[in-house]
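Single-structure report; data block below.
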Amino acid sequence: MGNIIQTHRSIKKTWKGTPVIEGAGVHLHRVFGFNEMPLLDPFLLFDDFRSENPADYKAGFPWHPHRGMETITYVLDGDVEHGDSMGNKGAISAGDVQWMTAGSGIIHQEMPQGNRRGEMLGFQLWANLPAHSKMMDPRYQDIRQKDIPVIKTQEGASIRIICGTVNDVQGPVKNIVTDPEYLDITLPAGKTFTHSIKKSHTVFAYVIDGEACFDPQATDARPNCGDGTLVLYESDGSDISVTTRGGGVRFLLISGKPLNEPIAWRGPIVMNTREEIQKAFEEVQDGTFVRSGGL
């Protein structure tokens, strides 16, 4: 067999989020959502919620339904209390992840609380489910900070592996249909980080703090991508390469297998047809939305 040739993915597009108000009055930055569909298939929406003012987030996200998709909440600072229609309740705190597969349907609430200083920092990602899994039993994967492995690479990177496998170390979130990878990466100044990506997967990075060059073909004259920037990669290439110059960077690296299916999307419910959406909202109204089993 011949040698495998690694090719770096180039950047397709970069942009920053837009301030929006969601839930009962939560101020956040929507990095991508309905308007970008299906550019990031299988991912639907990504929100950055960070604030030092409790008035921006305390109203929270009261009871609302989900069906046909997954919500992934990653908290870096503060607490988010949650509860659902099947009696589950609890909180996710700094460093914790909640990977909720809504499947056939769940009604829940999420109420950010912040930390002792009133600070809140976290992200929520929505991922689509394929048609054959949209009515699967709902489930939670609640992951505590202590259960997320952290590895150091020879390149100097520190990687929190939430989902996926790096250097034979597997993250705690498993058995997700879209075969995603979700990594939290910190890279010091003056280093280059290279990471293999599955050929068919959609890949994006999101800068949490600092800045870096996310395109190996870029010259020193090109600006870095800084805090709050989303970097969407082209589909061609077997790896991504990130280089830091004057300072370090912390970023999320997320990938998943595109579904290439029709999307019917209204609010928190994502199906394949308008008829399925209409049926879901009728069930919310008549009290038959939540099915038995699953949680």
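The values are calculated or read from the model by the stated rules, or taken from the named source; none is laboratory data. Only a predicted model underlies this, so the values are computations on that prediction, with no experimental measurement involved. Cβ atoms come from the backbone with ideal geometry, glycine included; neighbour counts cover every protein chain shown. Note: accessible area is taken over every heavy atom of the protein model, side chains too, but ligands, DNA and RNA are not part of it. Shrake-Rupley method; radii C 1.70, N 1.55, O 1.52, S 1.80 Å.
What nm value, rounded to one decimal, do you get for the distance between N53 and V150 when each label is placed 7 Å out toward the C-beta?
About 3.2 nm, to one decimal.
Extension gain S196-S93, at 0.36 nm per residue separation less the Cα-Cα distance, in nm?
The S196-S93 span can extend by a further 34.0 nm.
Between M86 and R139, how many nm apart are label points set 7 Å from Cα along the C-beta direction?
1.0
What number in nm² do you get for segment 112-208 if you take the convex hull of its Cα atoms and divide its surface by four?
Result: a mean projected hull area of 8.7 nm².
What does the highest-first list of 201-209, 80-88, 249-257 look like by mean Cβ count within 10 Å?
Top of the packing list down: 249-257, 201-209, 80-88.
Would you mind working out the magnitude of the charge dipole of segment 1-63 relative to its Cα centre, with +1 at each Lys and Arg C-beta and -1 at each Asp and Glu C-beta, to the nearest 20 Debye?
Charge dipole of segment 1-63: 260 debye, to the nearest 20.
Grab the beta carbon distance between K12 and R245, set R0 = 30 Å, and tell me the FRET efficiency rounded to 0.05.
The value I calculate is 0.85.
Over segment 193-285, give the accessible area per residue in Å² for a 1.4 Å probe, as an integer.
Value returned for segment 193-285: 46 Å² of accessible area per residue.
Size of the dipole of segment 44-84 about the Cα centre, Lys and Arg at +1 and Asp and Glu at -1 on the beta carbon, nothing else charged, in debye to 20?
Dipole of segment 44-84, to the nearest 20 debye: 180 debye.
Where does each of 128-135, 20-27 land if you order them by average Cβ count within 10 Å, highest first?
Averaged packing, sorted descending, gives the order 128-135, 20-27.
At 0.36 nm per residue, minus the direct Cα-Cα distance, what do H29 and E261 gain on full extension? Give it in nm, one decimal, please.
Value of the extension gain: 80.8 nm.
Find the centroid of the Cα atoms in segment 172-199 and in segment 23-69, then give the distance between the two in whole Å.
22
Could you tell me the ratio Rg/Rh of segment 185-267? Both radii from Cα atoms, Rh via Kirkwood.
For segment 185-267, the value is 1.04.
With charges only on Cβ, +1 for K and R and -1 for D and E, what is the dipole size of segment 148-282 about its Cα centre, in debye, rounded to 20?
Magnitude of the dipole: close to 200 debye.
Under the rule a/c < 1.5 gives rounded, and otherwise a/b versus b/c splits prolate from oblate, where does the chain land using the Cα gyration tensor? Don't skip to the answer; put the middle values down first.
Details: a/c = 1.78, a/b = 1.42, b/c = 1.25.
Prolate, since a/c reaches 1.5 and a/b exceeds b/c.
Shape verdict for segment 24-87, please, from the Cα gyration tensor: rounded (a/c under 1.5), prolate (a/b greater than b/c) or oblate.
Note, shape of segment 24-87 comes out oblate.
In nm, give the distance between the simple-model label positions of I21 and H64, each being 7 Å from the Cα along the Cα-to-Cβ direction.
The answer from the label model is 1.4 nm.
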